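In what follows, a single structure is set out as C-alpha cells and then discussed.
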C-alpha cells in the first residue's frame, strides 16, 4: 500500500449512503485529482461512525476533522481549503467538535466521550472491503493465537472467563453455549451467526457487518475451532444489501488469504463460511426458526429440547450467536478475558451497542460499558429530546421489550436491572419518546408488528396477540371499556406462559410495561375518551378559537365535509358530529385559530 | 494461502500506512501550506518528507498541513512535534533540507540547528 499524508474517510454505511455519500466520495476523488493531490491524499469508504443523524459524515485524518451533513457541492471547498491549504472548513465541522475555535479530539466530543468502542472498534476506521486494513489493526491475530497456542478447551475457558453474554437479546453466557456444543459428539457440527436483525429501529448488527465484516468471520472460525465444527453459516436478512455485499467480499478475501478453507494459516484446521439470506421474517431471528430457514424449510420455531447444542441445524450440534457477540470475540483474545471482564457490572460484562432513535437529538449508534445509566446515554450522549420537549419514556428491546419512564432513568444498563423494570436489553434498540407520544398508541404499534410477524404455529401467539391488538385499537378509537385493562393483563399473562417461542413469550411486554407505568393514559382513553398526548385521532376534536378567528372562511372552503359554517368577518364554527378529523382546516388557517384537543 | 509470517508482514506494512487514523501519540511533522507557503515551494517539501518517511519505513510519524503561521517571509516553514519535547520550527526549508531534517531529527532525534528559526534570526 502507498503512504498518504491524509486520509479522507467517508461513511458508506446504510444511513450515509442513502444521503448520497457515494457521490461525495466520487467528488472527492475527482477534486483531489484536479488539484494533483492523488499521491498525497487517499479517499476511503468506510463503515458507520455512529452519528447517523448528522450524515453524511466525512472524517479527514490526521487532524481527525469531523465534517457533518456534507453535501456533494461542499467537496470542492474542503479539497481546496483543507487538503490543499491545510485550513479546516469550519462551517462544515460538527459543531460539537469545535471549542473556542479549536478542533477537539474526537474522543473529547460529548457524543464519543462516554463511549468505549469494542464491537465497533473498526467501524469508521478501516475500509471494510480491504482485508489488509483489518489485518493491520490486529485482525486475524486472535485466530492465529487460538490455532497455534491454544486447545479448544482453553478457548472456551477464555470466553467463559470474559463473562461475555449473548448480545442478541436473551443474554445467555456465550462460553457456556460453546461448552455444551463442544461436548456433543458428532462428525459434523455447525457455527451459525444470527444477522437477522429485525427489531424496529435497531441497526447495531447491520453497522458491524457493514463496517467490520472480517471480525465476524474471524470470530466464527474461532468458535468452529472451539466446538469442533467445519462449517459456518451467516443468516443475514436480504434487506441489508450493503452488509450482504461486504460479507461476500470479505468471505472471498478470507478464502484467498487462506483464512477460511482447508488448511487455515497452514495449521491444518479446516473451516468455511457461507451466507444465507433471510426474506425478512421477524420470527427467523428465533434460533430454531432460523435453522429451519437455513435448511430450506418454512421459518417456524419448534419446541426445545432438544437444544441446538445437541440437535440443531440438520440435526447436528450447532451454536448460534448474534453478530455483536461475535464482534467482541477477537478482542477478548487479543486483550485478554480479564480486560473484557473489567468493564461492566457484576453479571453483565463488557460493552453494549445501542441504536438510539425516536425523539432524540443524536440519532445513531453508541457503544457504552454495561452499567452506564439510561440517563447518561439519553442525555449526555444522545443530547436529550429535540425542540425542548419533555422526555416521557424510553423503549428498549423492541417488540420484546418495554417502556421505561423518567423515574427509572438512573438505572444502570445491564441484563438484570432492565429485566426488573419489565423491559430487556434485547438486541439494543433504544427508542426515545417525548410528551407528544401516546403510550397506548405505542403499545398498539408494537402489537400490530407482532400480529404481522407471528408465524401462526402456536395458538396463544396467533390468536392471543390478535385479540390484544383488537382491544388496543378499540381503546385508541375511544371505544374502550372499563374492564379492558384487566383483559389485556390477563391475555398477556396467558400468552407469556404458553407461547412456543421467544417471539410470543415476550410479545406482551410493551403492553404490560406501558400499563405498569402509564396506567393513567389508558384510563384517560377509556374513561374520559381523551388522548392526553393528542395522538389518537378519533379522540380529538377540532375547534375554532373565536378570539383568533378573523372570519376569512378559508377553512370552510377547504373542508371536504363542508361541516364548517359561519358568516364572513365573524368567527366560524365546526360541526363536530360531521367532522372526519382530516386536519385540512388546521393546516389551511392563516391565523392559527384552529386547535385539536 | 498466507502463512503467519506473511500475515505479520501485511499487518506491519498496512499499519504504517493507515496508522494516522488511530494513533496520535507519535511524531508530527507539520508543513505550512497557506498561499504563502505554497508559493514559496511548500509542496515539493511536503512530498520530499513523505518520500523519505516511506523510504525509511518510519511508523508513527504523521505528516500534516497547517495554514499561515504569520511569518510568510520565512516560508516554507516545517514544524516538528515530538512527544515530550518542545516544538522545533524550521524555516526556509527546501526538499534537500527536508530530507536532512527527516534523517537527523526524526530518525536520530538530533535537531538540525542550522535550519531552525533560532539560527535564522541570528
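The values are calculated or read from the model by the stated rules, or taken from the named source; none is laboratory data. Keep in mind that this is a model prediction, so the values were computed, not measured. Virtual Cβ from ideal backbone geometry, glycine too; neighbours counted across all protein chains shown.
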Could you please find all residues in the range B:3-17 being in contact with a helix residue (DSSP H, G or I) (Cβ under 7 Å, 6 or more places away or on another chain) and either modelled with pLDDT of 90 or more or more than 7 Å from chain A (Cβ to nearest Cβ) (or both)? B:4, B:7, B:10, B:11
The range A:445-476, residues that are closer than 29 Å to residue A:384 by Cα and surrounded by fewer than 23 Cβ atoms within 10 Å (Cβ to Cβ): A:445, A:448, A:449, A:476
Conditions: (1) surrounded by fewer than 20 Cβ atoms within 10 Å (Cβ to Cβ); (2) touching a helix residue (DSSP H, G or I) at 6+ places or on another chain (Cβ under 9 Å); (3) away from chain B (no Cβ under 14 Å); (4) not in a helix (DSSP H, G or I). Residue A:87 meets all but one. Number of the miss? (3)
Checking the condition buried (at least 24 other Cβ atoms within 10 Å of the Cβ), more than 14 Å from every other protein chain (Cβ to nearest Cβ) and touching a helix residue (DSSP H, G or I) at 6+ places or on another chain (Cβ under 7 Å), which residue from A:179, A:205 passes? A:205
Pick from the range B:100-111 the residues that are more than 16 Å from residue B:76 (Cα to Cα) and without any contact (Cβ under 8 Å) to a residue 40 or more places away in the chain: which of them is surrounded by the fewest Cβ atoms within 10 Å (Cβ to Cβ)? B:108
Looking at A:77, A:73, A:96 in this structure, which one is more than 17 Å from residue B:65 (Cβ to Cβ), at pLDDT 90 or above and not in a loop (DSSP other than H, G, I, E, B)? A:73
Matching entry among B:20, B:62 (being at the interface with chain A (Cβ under 7 Å from one of its Cβ atoms), within 11 Å of the chain's Cα centre (by Cα) and crowded, with 17+ Cβ neighbours inside 10 Å): B:62
Have a look at A:133, A:81 and point out the one that is buried (at least 22 other Cβ atoms within 10 Å of the Cβ) and within 12 Å of chain B (Cβ to nearest Cβ). A:133
Some residue of the range A:195-215 being in a loop (DSSP other than H, G, I, E, B), under 19 Å from the mean Cα position of the chain (by Cα) and on the phi > 0 side of the Ramachandran plot: yes
Please determine whether any residue of the range A:267-283 is within 14 Å of chain B (Cβ to nearest Cβ) and out of contact with any strand residue (DSSP E or B) (no Cβ under 9 Å at 6 or more places or on another chain). yes
Given the options A:402, A:398, name the one that is touching a strand residue (DSSP E or B) at 6+ places or on another chain (Cβ under 6 Å) and either touching a residue at least 40 places away in the same chain (Cβ under 8 Å) or within 24 Å of residue A:196 (Cα to Cα) (or both). A:398
Just wondering, is there one or more residues in the range A:47-56 that are in a loop (DSSP other than H, G, I, E, B), facing chain B (nearest Cβ under 9 Å), closer than 27 Å to residue A:207 by Cβ and at pLDDT below 90? no
Out of the residues in the range B:33-47 that are crowded, with 20+ Cβ neighbours inside 10 Å and in contact with a helix residue (DSSP H, G or I) (Cβ under 6 Å, 6 or more places away or on another chain), which is farthest from the other protein chains (Cβ to nearest Cβ)? B:45
Condition first: part of a loop (DSSP other than H, G, I, E, B), over 21 Å from residue A:369 (Cα atoms) and in contact with a helix residue (DSSP H, G or I) (Cβ under 7 Å, 6 or more places away or on another chain). Now tell me which residues in the range A:108-137 satisfy that. A:126, A:127, A:128, A:129
Please list, ordered by residue number, the strands (runs of 3 or more DSSP E) wholly in the range B:8-122 having 2 or more residues that are over 24 Å from residue A:133 (Cβ atoms). B:27-32, B:78-81, B:88-90
Can you name every residue in the range A:1-41 that is in contact (Cβ under 8 Å) with a residue 12 or more places away in the chain and in a loop (DSSP other than H, G, I, E, B)? A:1, A:2, A:4, A:5, A:12, A:13, A:19, A:20, A:35, A:37, A:39, A:40
Just checking, how many residues over the range B:73-95 are farther than 22 Å from residue B:21 by Cβ and away from every other protein chain (no Cβ under 13 Å)? 14
Out of curiosity, is residue A:114 within 14 Å of chain B (Cβ to nearest Cβ) and surrounded by fewer than 21 Cβ atoms within 10 Å (Cβ to Cβ)? no
Looking at the range A:117-130, which of the residues that are within 19 Å of the chain's Cα centre (by Cα) and surrounded by 24 or more Cβ atoms within 10 Å (Cβ to Cβ) is nearest to residue B:9 (Cα to Cα)? A:122
Are there any helices (runs of 4 or more DSSP H) wholly within the range A:429-524 with 3 or more residues that are touching a strand residue (DSSP E or B) at 6+ places or on another chain (Cβ under 6 Å) and without any contact (Cβ under 8 Å) to a residue 24 or more places away in the chain, and if so which? none
Looking only at the range A:571-597, which residues are assigned to a strand (DSSP E or B) and out of contact with any helix residue (DSSP H, G or I) (no Cβ under 9 Å at 6 or more places or on another chain)? A:573
Here are A:321, A:387, A:328: which of them is over 15 Å from the mean Cα position of the chain (by Cα), assigned to a helix (DSSP H, G or I), at pLDDT 95 or above and closer than 30 Å to residue A:13 by Cα? A:328
Being within 22 Å of residue A:129 (Cβ to Cβ), out of contact with any helix residue (DSSP H, G or I) (no Cβ under 7 Å at 6 or more places or on another chain) and away from chain B (no Cβ under 14 Å), is that true of even one residue in the range A:31-38? yes
For residues in the range A:139-168 being outside any helix (DSSP H, G or I) and surrounded by fewer than 19 Cβ atoms within 10 Å (Cβ to Cβ), which is farthest from the other protein chains (Cβ to nearest Cβ)? A:151
Among the residues of the range A:253-263, is there at least one that is modelled with pLDDT of 95 or more, in contact with a helix residue (DSSP H, G or I) (Cβ under 7 Å, 6 or more places away or on another chain), crowded, with 23+ Cβ neighbours inside 10 Å and away from every other protein chain (no Cβ under 14 Å)? no
What are the residues in the range A:90-107 that are touching a helix residue (DSSP H, G or I) at 6+ places or on another chain (Cβ under 9 Å) and within 13 Å of chain B (Cβ to nearest Cβ), if any? A:101, A:103, A:104, A:105, A:106, A:107
